[in-house]
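Written out below as structure tokens is the structure these notes cover.
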Amino acid sequence: MTSALPTSRAKSHEPAAPDDSITAWALAARGGDADAVEQFVGALHRDVQRYVAHLCGDPQAVDDLAQDTFLRALSSLHRFEGRSSARVWLLSIARRAVIDSYRYAAARPRLIDVPDWQLTAELAQPCDLPGFDDGIALLDLLASLPDDRREAFILTQLLGLPYAEAAAVSDCPIGTVRSRVARARVTLIDLLDEAGQTAALAV
């Protein structure tokens, strides 16, 4: 897919922009401010990529889904009124983009099996970075969670959304999000304990 979005200048080591600033950029972008469009895209591009990556489980589709999300958002900016944060609004669009991609894929003949996304993600990362093994282990553990618990955990614990905003993105009650996160934590702790016991037996 050919990129039609402004190039993001956001760097992974830069602090995340506060939601108030992001919402202000979205409102300014709605008014035709090109610089605000670039700021808006740059501030949320990484969050959107991480979110759709965990939802779709296919690293080869992440860039296209992220771009689809921003194209949908930019074409709908005239309807954004700032009643919720722009981050929540955008992640809701990302969620719909992933769901639509599933529906589109389901309607097409399946020619080949989906590739092993965990192996692909592992091979694509530089192995000499600190925490590499821990990062791969986390991917494995998250992949074992049911979809709804994984989404709630990612939104609140990895992307840092408040429970109310995660509930808005997921289109479910806040109590449901809290329950899913709590159950995800219990499952992850159990899995970590099992992994530790297995490692100890292997020594």
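A compact table of results
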{"quantity": "Equivalent ellipsoid semi-axes - Cα gyration tensor, segment 14-93, angstrom", "calculated": "21, 13, 11"}
{"quantity": "Probe 1.4 Å, protein heavy atoms only - accessible area per residue of segment 20-62 in square angstrom", "calculated": "43"}
{"quantity": "List TYR102, TYR51, TYR163, ordered by accessible area with a 1.4 Å probe, largest first", "calculated": "TYR102, TYR163, TYR51"}
{"quantity": "In Å², nearest 10: area of GLU165 left accessible to a 1.4 Å probe", "calculated": "40"}
{"quantity": "Residues SER21 and ILE99, FRET efficiency given R0 of 22 Å [Cβ-Cβ distance, rounded to 0.05]", "calculated": "0.15"}
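The values are calculated or read from the model by the stated rules, or taken from the named source; none is laboratory data. The structure displayed is predicted, hence computed values, not measured ones. Every residue, glycine among them, receives a Cβ derived from its backbone with ideal geometry; neighbour counts consider all protein chains shown. Ligands, DNA and RNA are stripped out before the accessible areas are found, and what is left, the full protein with its side chains, is counted by its heavy atoms. Shrake-Rupley method; radii C 1.70, N 1.55, O 1.52, S 1.80 Å.
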